[in-house]
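Below is one structure, written out as structure tokens; comments come after it.
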Amino acid sequence: MKKSFLFQQSYVSVKQMVEVGQITKIFAVAEAMRQRVEERQVYEPLKGYSVAILFYQPSTRTFSSFSAAARRLGAYVTAIHGMQSLSSVSKGESLEDTIRTICQTTAADVIVLRHPDDASSERAAAVAAVPVINAGSGVAEHPTQALLDLYAIYQHQKRLDRLQVAMVGDLLYGRTIKSLAALLGLYKKNSLSLVAPEALRAPTAWLGSLPKSMSVQEYDDWEGVLPEVDVLYMTRVQKEWFEQAGRLAEYEQMKHKYVLTRHLTEQMKPSAMVMHPLPRVGEILPEVDSDPRAYYFKQMRLGLYIRMALLEMIMKP
Amino acid sequence: MKKSFLFQQSYVSVKQMVEVGQITKIFAVAEAMRQRVEERQVYEPLKGYSVAILFYQPSTRTFSSFSAAARRLGAYVTAIHGMQSLSSVSKGESLEDTIRTICQTTAADVIVLRHPDDASSERAAAVAAVPVINAGSGVAEHPTQALLDLYAIYQHQKRLDRLQVAMVGDLLYGRTIKSLAALLGLYKKNSLSLVAPEALRAPTAWLGSLPKSMSVQEYDDWEGVLPEVDVLYMTRVQKEWFEQAGRLAEYEQMKHKYVLTRHLTEQMKPSAMVMHPLPRVGEILPEVDSDPRAYYFKQMRLGLYIRMALLEMIMKP
Amino acid sequence: MKKSFLFQQSYVSVKQMVEVGQITKIFAVAEAMRQRVEERQVYEPLKGYSVAILFYQPSTRTFSSFSAAARRLGAYVTAIHGMQSLSSVSKGESLEDTIRTICQTTAADVIVLRHPDDASSERAAAVAAVPVINAGSGVAEHPTQALLDLYAIYQHQKRLDRLQVAMVGDLLYGRTIKSLAALLGLYKKNSLSLVAPEALRAPTAWLGSLPKSMSVQEYDDWEGVLPEVDVLYMTRVQKEWFEQAGRLAEYEQMKHKYVLTRHLTEQMKPSAMVMHPLPRVGEILPEVDSDPRAYYFKQMRLGLYIRMALLEMIMKP
């Protein structure tokens, strides 16, 4: 049997995806998972395997998605949210020691980690005896979200090249859009419209890291962009960053600079799709939910299939 | 196969129980569950199904009861308490968005919800793609508790009509007794004695909504009531309501107005039963626990069977 | 079939281990568990059984270890950490009522309890309809940790008698070392070196309770001890106790009185082993981790096997 390229590997960064073929394989496995879930097949290849899910930051969607994915595959699951307030951490234990410990106490075959430190997944992978999956690390990466976002685009548009993609909102702190843009760069002739207020523009260094093959334009205003796009990727302006910086007044000014209404949606192509990593806090009005272009809730479901695929590919040859 | 009347239906209110036959069916399924649990049979009809349990208010008994019920039936369970402090909620996500999201991230086949808003279950059911079970909504409803309470009465008294039932304590804020009284009203010739201090009397509007066929009496004092009753349903005066209203002094005065002692219990009929939704904080002295009329711990167990029955009836035709 | 001596028994104290044969049996079952886990065998003798895990104190390792152990054996698991902040407890429910309730709501076949009260496990066992396992009670006992520590010594040293064991650090509040010393006293010719700062010396009453057959020496300094020992059991000076007593300055002075470096480790016998219940906060430098004598992470894994053994022996004849 040919081993999956992910077999016994950590998945900590989208940078590990270096060719389109890798992604195609993950999508094929995810597609098989989708079918099994929809038909309510009992498919438990991870029976006998153990998955530890450790969240140091609050989360409902990624946490419940990973928990459900691992359980559906038959794994023994130890899922803990609120790690930051649990014993060993509050007693001053290092992340490295906690990871090594949980590997042992649960006989884990894989560790799923969300942590506020940008380098947390790399640190964990360096000491863990088993693969680590990054479920969100600081402002740096959210590589499973990027895969599910790409999978959503593929499901709706039936292609991943020659796409007009607009990313809107907080392009400075948002980790989702950075990871997704990197993946889009693997495909041909995609073009990116980055729409953000001055204070939340994408970092210059990051812009420089994007593949030259992808055309990139920056905008302050989105009216000219909407009618052109195949994919409109909305993001929330994250109050928490402004709070930390004592700049709440600025937040209030910017939070609703881009609000998608039904009226605006109607200016978009019929084949376009509206995405959002959620939660939203006003960027997309509920009146848009029933529009056929609204894809943000369907998008969530695809995360389950992608995570099932990753868990299986990492644990089974 | 005839479909259960609950199949693919939400269960958000006792008002959905409109005829005795519905309850009889639920009890029959619960009885089968009881037997399986007692014999430790492995019975997993929900294998391949997914249950999401979301609690926005603290709870041990209802939370652990639903979790155990779903797991015993073989379902994949995502059970989260402390939802109110998790990511999307603290970031300002609406209940509706959270429900839609969890449906997707876990591919849930049913959502079990506890939430402080009286209308929460209806709101959730309106947007969820799958049935919602109300595990307690504000001060309004606790419809699975009402079923288990009724089931407890049936187990002990072998009938649900011609019963003298006394409800004692907090009849103003208590949601349990309201739901139970509504169900008792479906049966013939039951009579209700409502015993409460002036400040915690049952709301007039609610009294008016009770079926005319049920005789209802209000009392401030319970001494005359105790020797007559078949069912004594005790409740806790809920400190939290008085705290919110800045009326703690009143609470202190009332909290132990009705304290069941062994001496008082002995004035009751031998066939009577003492119930309590628990937790108790002094309303029933531990010395009563060994009395054969004490039913409050047994009562808890029946909740497991009732919830197993509901989960199966809602998910399986 | 001969019943296990633990069958349907609570395990609340190491004092229940009164002869070497009992421990030998537990280790034999643990050894079988180790093999199954390492070979990823699906072995689920507790299918149909229910385990309730209730933690009233923060913990990552013991909590995740017990959860994983019960799940691997196929049990239905209800695992709740943060019990102290959940409903019934914050409403003033007694531990006894909570235990009786959870027995009923989950139809538990065993209760696993961690609680700050020294007598908590005995209190729980007195009212529970099913066996209780003590997962840590106040400063008094941690009897499953003691078994796993002893098992670790046996794995590495291949014997449990004629051992030179040094216990270092906080011998006043540490519950782990007390439980382990009691078990070591069941075997012949062990000798104990107790190394602690003046303020954290082992309590005199406890010293008096140790079997006379075991030679016991107290030290303030460990340099002469290190070259002699077969087992070096390090512990953390627990900041939390000093905080409660308003004596943080003392803590700062003592916390790093004994710091194991690579240099010091090299003075130990090649066959010696370094243990620590973890978390560590500086008592063992990370540079020691790669030394073959470092046993503290391997030690953790053995807890999984010991807890699997206990759960099976208690629930299955």
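The values are calculated or read from the model by the stated rules, or taken from the named source; none is laboratory data. Values in this document were obtained by computation on a predicted structure and should not be read as measured data. Cβ atoms come from the backbone with ideal geometry, glycine included; neighbour counts cover every protein chain shown. Only protein heavy atoms, including side chains, enter the accessible area calculation; ligands, DNA and RNA are left aside. Shrake-Rupley method; radii C 1.70, N 1.55, O 1.52, S 1.80 Å.
Selection of the range C:7-56 for residues being in a strand (DSSP E or B) and over 20 Å from the mean Cα position of the chain (by Cα) yields only C:50.
I'd like to verify a number: residues in the range C:151-175 that are at pLDDT below 95 and open to solvent by 20 Å² or more (accessible area, probe 1.4 Å), how many? Of the residues in that region, 3 qualify.
Taking the options A:85, A:90, A:67, A:50, name whichever one is modelled with pLDDT of 95 or more and within 28 Å of residue C:277 (Cα to Cα).
Values: A:85 fails: modelled with pLDDT of 95 or more; A:90 fails: modelled with pLDDT of 95 or more; A:67 fails: within 28 Å of residue C:277 (Cα to Cα).
Result: A:50 is the single residue among A:85, A:90, A:67, A:50 that is modelled with pLDDT of 95 or more and within 28 Å of residue C:277 (Cα to Cα).
Within the range A:113-131, identify whether any single residue is buried (at least 24 other Cβ atoms within 10 Å of the Cβ), polar (S, T, N, Q) and within 14 Å of chain C (Cβ to nearest Cβ), and answer yes or no. Checked the range A:113-131: no residue is buried (at least 24 other Cβ atoms within 10 Å of the Cβ), polar (S, T, N, Q) and within 14 Å of chain C (Cβ to nearest Cβ). The single residue among C:85, C:59 that is of a type in the set (Ser, Thr, Tyr) and within 19 Å of the chain's Cα centre (by Cα) turns out to be C:59. The conditions of being surrounded by fewer than 23 Cβ atoms within 10 Å (Cβ to Cβ), closer than 18 Å to residue A:134 by Cα, away from chain B (no Cβ under 11 Å) and free of Cβ contacts under 8 Å to residues at least 60 places away in the same chain are not met by residue A:16. Among all residues of the range B:72-80, there is at least one that is buried (at least 20 other Cβ atoms within 10 Å of the Cβ), away from chain A (no Cβ under 14 Å) and outside any loop (DSSP other than H, G, I, E, B). One residue stands out in the range C:40-71 among those that are open to solvent by 10 Å² or more (accessible area, probe 1.4 Å) and closer than 25 Å to residue B:297 by Cα: the one that is nearest to the other protein chains (Cβ to nearest Cβ), namely C:49. Only a single item in (1) at pLDDT 95 or above; (2) loosely packed, with under 14 Cβ neighbours inside 10 Å is not met by residue C:9, and it is number (2). For the range B:81-94, a tally of residues being surrounded by 20 or more Cβ atoms within 10 Å (Cβ to Cβ) and more than 30 Å from residue C:93 (Cα to Cα) returns 2. Counting only helices (runs of 4 or more DSSP H) that fall entirely inside the range A:90-169 and contain at least 1 residues that are free of Cβ contacts under 8 Å to residues at least 40 places away in the same chain, the qualifying elements are A:95-105, A:120-127. Being of a type in the set (D, E, K, R) and without any contact (Cβ under 8 Å) to a residue 60 or more places away in the chain is the filter; apply it to the range B:245-272 and report the residue that is surrounded by the most Cβ atoms within 10 Å (Cβ to Cβ). Step by step, filter the range B:245-272, then rank; the result is B:255. A count restricted to the range B:285-299 and to residues that are part of a helix (DSSP H, G or I), within 12 Å of chain C (Cβ to nearest Cβ) and open to solvent by 10 Å² or more (accessible area, probe 1.4 Å) stands at 3.
Of the residues in the range A:304-316, at least one is assigned to a loop (DSSP other than H, G, I, E, B) and touching a residue at least 24 places away in the same chain (Cβ under 8 Å).
Determine whether residue C:123 is of a type in the set (Lys, Arg), at pLDDT 95 or above and more than 24 Å from residue C:293 (Cβ to Cβ). So residue C:123 fits the description; yes.
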